[in-house]
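As structure tokens, the structure follows; a few thoughts come after it.
The values are calculated or read from the model by the stated rules, or taken from the named source; none is laboratory data. All figures in this text were calculated on a predicted structure; none of them were measured in a lab. Because the Cβ atoms are built from the backbone with ideal geometry, glycine has one as well, and the counts that use them run over all protein chains shown. Just the protein is used for accessible areas: all its heavy atoms, side chains included, with ligands, DNA and RNA removed. Shrake-Rupley method; radii C 1.70, N 1.55, O 1.52, S 1.80 Å.
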Amino acid sequence: MDQLSRENNRKQFDFRNVVCDMGMITSANGSSYVEIGSTKVICSIHGPRAIPARGSIFSDKGQFECDFRYAPYISVDSVDSHSSAGVTAVEKHFSQLVADAIEPTLRLSRYPKSLISAHVLVLQNGGGALAAAVTCVSLALTDAGVEQTDLVTAVQVGCLSPSDDGDRPSIPSSYCVLDPSTSEERLSVGRLTACHVSSDAVTQLYSEGRIDPVVFKEMRVIATVGNRFLRCVVEKAVREKVKVRCGGEREE
């Protein structure tokens, strides 16, 4: 298949530039920042903290919750309803998706009757905000010292729609790209957000649009390769932070 010319001369399976950092919010138990292209996400972790009894039955497992928000100045497509708390339907849905992707890796049995809260804020959305949020939360939990079986990374794969529009290159049928930007998201007929751990096991798959089963299988393969690359970047960020805290120097 011929390579489609993408923004910044990216090829079909190329990531945008990835930046990760940890520990920038001193008032939180842990925090992280993830930047993928023009998408910028920050996360703070609060807890573990005790859950007030209030007559509730004792639980031998802790609880994990996530609050996903877009910055007020960001316009989000398909957001047309708000709750009384001012949270959009998309934000509420993404909050649950992030929690579901992360929770399988948390050792909540180590935190009985405790609550761990993740607060995610999308500062800028250049595409793939949900995937960036999942990675950001896992990094922040690591910074907070919360016990996990593994780090979770997430990537988005887009299936672009065929086009013969003279204003843009012709897109072949079922052309899948890794880490689509917002402009590529608008051209897509389907998108897949895949959350993986180091063994390539999946903690969550979230698809949007209509995707042919054969194309979906291709998207799964692309997502696996993408997560392996992203994991290398994330693990390097963790190593660098540990070295700095131990008085060492950052890796080149």
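Return the FRET efficiency for the residue pair Arg220, Thr26: r is the Cβ-Cβ distance, R0 is 41 Å, and the value is rounded to the nearest 0.05. Working shown, then result.
Numbers: r = 40 Å, r/R0 = 0.97.
So, using R0 = 41 Å, E works out to roughly 0.55.
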Sort the following peptides by mean Cβ neighbour count (other Cβ atoms within 10 Å, averaged over residues), highest first: 112-120, 10-18.
112-120, 10-18
Quick calc: nm separation of the 7 Å Cα→Cβ label points for Gln96 and Asn17 -> 3.8 nm
Reported to the nearest 10 Å², Arg228 has, with a 1.4 Å probe, an accessible area equal to 130 Å²
